[in-house]
Amino acid sequence: MAPKKDVKAPAKKAEPAAAAAPAPAAAPAPAPAPAPAKTPAVDLSAVKIEFSGDQIDDYREAFGLFDRVGDNKVAYNQIADIMRALGQNPTNKEVKTILGNPSADEMANKRIEFEAFLPMLQTIINSPNKAGFEDYVEGLRVFDKEGNGTVMGAELRIVLSTLGEKMNEAEIDALMAGQEDENGCINYEAFVKHIMSV
Amino acid sequence: MGCGVTKSDQFHKQSGKAVTTIKAAVLIQRWYRQYVARTEMRRRYTWHIFQSIEYSGEQAQIKLYNFLGYLMDNFTPSSNERNLISHIFRENEVCRDAEWERYFSYENIEVPDIYSGPHLTFPLTVEQAFGLVEAFRNKKQLHSRYVLQLLLETWKLLRMLPNISRISTCHSKEITICGDLHGQLEDLLLIFYKNGMPSLENPYVFNGDFVDRGRDSIEILLILFSFLILYPGDVHLNRGNHEDHIVNLRYGFTKEVLTKYKLHGKRILKLLQKIFSWLPLATVIDQKVLVLHGGISDTTDLSILTRLDRHTYISALRPPKKRHMSSATASIDSDMDDDIWSANRMSQRRASLTYPKPIGTKECFHNRSLQDFSERIRANIEALEMCKRQVHAHAQAQDQAQAQAQTNSPISSSDVDSVSLSCESIRSYTAKDEWRQILDLLWSDPMTQDGCIPNEVRGGGCYWGPDITEDFLLRHNLQLIIRSHECKQDGYEFCHNRKVLTLFSASNYYDVGSNRGAYVKMGPDLVPLVFQYQASNMTRELTVRQSVGRTERSALKVLREQLFAHKSDLMSAFKKFDSDNTGFVPLNDWASAVESVMHLDLPWRMLRCQLVTCKTTSDGMIDYYEWFSELAIKGHKDTDHIDQSLLETLYRHRSTLETIFRMVDTDNSGFITIEDFRQTWKLLSVYLKMEITDEAISDIAVTIDSNQDGSIDIDEFMEAFRLTDKKSRLERGRSMFMVTATDLTKLEGDPNI
């Protein structure tokens, strides 16, 4: 009997696909080895900054807002959030790759100044992995068992908490607040409109 | 079971689908995290806005106070002006205890039969204390007779307490420590609900700032004092920077008491002045944990704090004065050359206001002397500037230690002139040193960098770094400092390697949903266990996004008002960048100009899209004239003829203006005479160093005194210029201004809200 869902196998296939996106210079190892391939560090010095002066000032201001210590730097583990605050949508993995795959200790303690952050931001912006309304709807359609425009809230919860870059219960609750109808179903087009309207 | 091919097909189909599933999951997760990050960003700058404005308000109050102190010390104005200014220095009326007792006597106060609030008998019992809490929960008010009685008992008790309370924990007795409450009764009730009322088995430490800003400051005080009286060994109160009548004038407590107790409010406030000065300064738990309101500085010394006479510091903002104000005594730095100072001080002393001109009518005498007053102030401020320059030059020539002494002045170094002149030392060095100990204790904030610098943002105390904490803890053999004084989003925050804990117990402080409150429980292991909460039903129903949105809108509204109030300054700043007078400035310049005027250290670029709704040109230029018309606050129809810049000034300084009004209104009637109004205005114009003609003042006075009876209703005045934000008043009910029932009905019908 074929296994219902072999989570391991697709995971290996998905990772290289995701990792390939943000690195314009380096080529990730595509071989489906048992352990996820270690993607080589991104060469940031090769990245050309294409932001205008005004944009750079905007980013600098946002960067400063996240500096809680006062040394004009931010910690590695804040980089992903800063990028998101600036309107980008990287996965945690993409950010880690750009940072050179730091250890957990480095993530918490190493700090980086604004000039070093800029090429990272440029890299993410350059990555072709942009998702629009249709992509999200397509993504959710996957869970639409009956093809009627709704997904089961419960199923979505399980998926979000066990797959990909897992979310915890509190995060999921916040996301789904007020979205499920009395049958526990979510109209996903409306859902996507909701999440994109922020 | 199928054959290999089918299996493989199915497998591929399944795994193909699985890939899409995971992609979908990752997509949603990524989106969600972006949403969280952006919300967090909005929350952060909203916080920034509220906090900047709050602290700059504190700074303004201190500046005003110093200014008035400077006037008191350096001029011998005619008796009328002196009366005007001396109201705020009521603490200088030193009376004997017997006189106090007579003044605060409650025996003559009758409680009418219709009174439905709680009745107190002394000695107080636990049931009565519980009854009091219950009554306040049901919005009852305690009769002034009982208030005075309770306060007197409290005063008697507090006088016996040491400056620093020393308490111990034991296994059956954990101590609960609470931070700022700021008149928010709901939070105190929530704490009691979650943690139980104070008792012999349930000791509490309340770490200051019980009053101001919230609506129920007096109720909170009465509850805390009741439990203090019942359990003096198990309830401990520390003084906060808001337990100070100077600060109360601006931040609402004075107004609250005078509103709730129209007949005896003044007496109650006077008694509270004494009680505040008798509140202990700090608490030490098990000789290891120090609990105090603000913080420490590099010179904080517990042995000095233990020894000093705390009750002589009625306000932490002013050192104790001797009965008679003697001639020029040592300046703040007695090490500094007396020559530089004394010559100038002598000439200032001589500059009295007894004007040699013939005295005309009473009115013109007033006007003339205050005019002269203001001219002399201006002249002396220039002399002072010169002095300051000389002093600084001198300081540079001196050796390190003396230069050090000058920069470590108690109030921010930029106010060296006002501080050094308002500080009259009695025992020279020691008195100033003691005063500084208290000021630092109540006003300081921690910072992340090492060192100790004056707290220029608040205007009092200092910023102290982790190295200072280390040193202090080592010297005094302590392991933890618990303090309050700063609002924190989660109600608490550790810093300095977890050696300093900030605790804030007023939830929703800036606005509904802005922050949680917290309290701490501690047993003999001295490990603080934090409990968080958030008062108000409304917050539970709001999602994070909604509550951030609400607070953000509130903050932006406040910010817009501030911007409007600084319109002229902003206009000049823009003009500097726009030398060709095109009416446009680039975005970058807009941000710099705004920061240079507002000094709030906010992320203006980020806020721009919220603050500037008129379109920017394709190359990012902002039409600032259009922007101002966007910001404009409508004046009352009767005030159209009044100069716009005057209106702006009124708006910007409305808090200061109201504070001065309340100072002038000695009988707390809510009315001041036209004459007092004119004098107040002149005082303000001197303070602000701006020219206001007599005509302009008369114009305003006539406009306001609609019934022409020679007196002005303070609230009506503030109202006339739309200086109050009606909508938020109705919504929040928590405001700086009085609202009577008729006002509310009037407002509700107002289509302009």
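FYI, it's all coordinate maths here, none of it is from the lab. Only a predicted model underlies this, so the values are computations on that prediction, with no experimental measurement involved. As a convention, Cβ positions derive from the backbone with ideal geometry for all residues, glycine included, and neighbour counts pool all protein chains shown.
Pairs of Cα atoms in the range B:171-304 fall into 10 Å distance bins, from 0 up to the last occupied one, in shares of 11, 42, 33, 12, 1 percent.
Which of the peptides B:61-67, B:195-201, A:96-102, B:223-229 is most tightly packed, and how do the rest follow, going by the mean number of other Cβ atoms within 10 Å of each residue?
On the way: B:61-67: 21.3, B:195-201: 15.0, A:96-102: 18.3, B:223-229: 22.9.
Sorting B:61-67, B:195-201, A:96-102, B:223-229 by mean packing, highest first, produces B:223-229, B:61-67, A:96-102, B:195-201.
Take the alpha carbon atoms of the range A:40-118, find their radius of gyration, then divide it by 2.2 N^0.38 Å using N residues; give the quotient. Ratio of Cα Rg to 2.2 N^0.38 Å: 1.06. Under the simplified labelling scheme, the A:Q55-B:E40 pair shows an inter-label distance of 2.4 nm, with each label point 7 Å from Cα along Cα→Cβ. Simple rule: put +1 on each Lys or Arg Cβ and -1 on each Asp or Glu Cβ in the range A:43-198, find the dipole, and look at A:I186, A:F66, A:I98; the Cα lying farthest toward the positive end is A:I98.
For B:L317, B:L181, the sequence from fewest to most other C-beta atoms within 10 Å is B:L317, B:L181. Label positions at B:N477 and B:K194, each projected 7 Å from the Cα along the C-beta direction, are separated by 3.5 nm.
Quantify how strongly other chains surround peptide B:599-606 by giving the mean number of their Cβ atoms within 10 Å of each of its Cβ atoms.
On the way: counts 0, 0, 1, 2, 6, 1, 7, 6.
Taking all residues of B:599-606 together, the mean is 3.
At full extension, B:E595 and B:S579 could sit 3.9 nm farther apart than now, given 0.36 nm per residue minus the alpha carbon distance. When only the Cβ of Lys, Arg, Asp and Glu is charged (+1, +1, -1, -1), the dipole of the range B:238-281 relative to its Cα centre reaches about 240 debye.
Please get the size of the charge dipole for the range B:148-207, origin at its Cα centre, with Cβ charges of +1 on Lys and Arg and -1 on Asp and Glu, quoted in debye to the nearest 20.
Details: 5 positive and 6 negative charges, 61 e Å.
It comes to approximately 300 debye.
Starting from the Cα gyration tensor of the range B:148-223, take the square roots of the eigenvalues, sort them a ≥ b ≥ c, and report rounded, prolate or oblate (rounded when a/c is under 1.5, otherwise prolate if a/b is larger than b/c, else oblate). Note, shape of the range B:148-223 comes out oblate. Applying 1/(1 + (r/R0)^6) with R0 = 45 Å to the Cβ-Cβ distance of B:H171 and B:D433 gives a FRET efficiency near 0.65. Here the range A:92-198 is assigned +1 on the Cβ of each Lys and Arg and -1 on the Cβ of each Asp and Glu. Its dipole about the Cα centre then comes out at about 380 debye. Within 10 Å of the Cβ of each residue in B:34-44, the mean number of Cβ atoms contributed by other protein chains is 6. Note on the range B:118-183: Cα convex hull, mean projected area over all directions, 6.5 nm².
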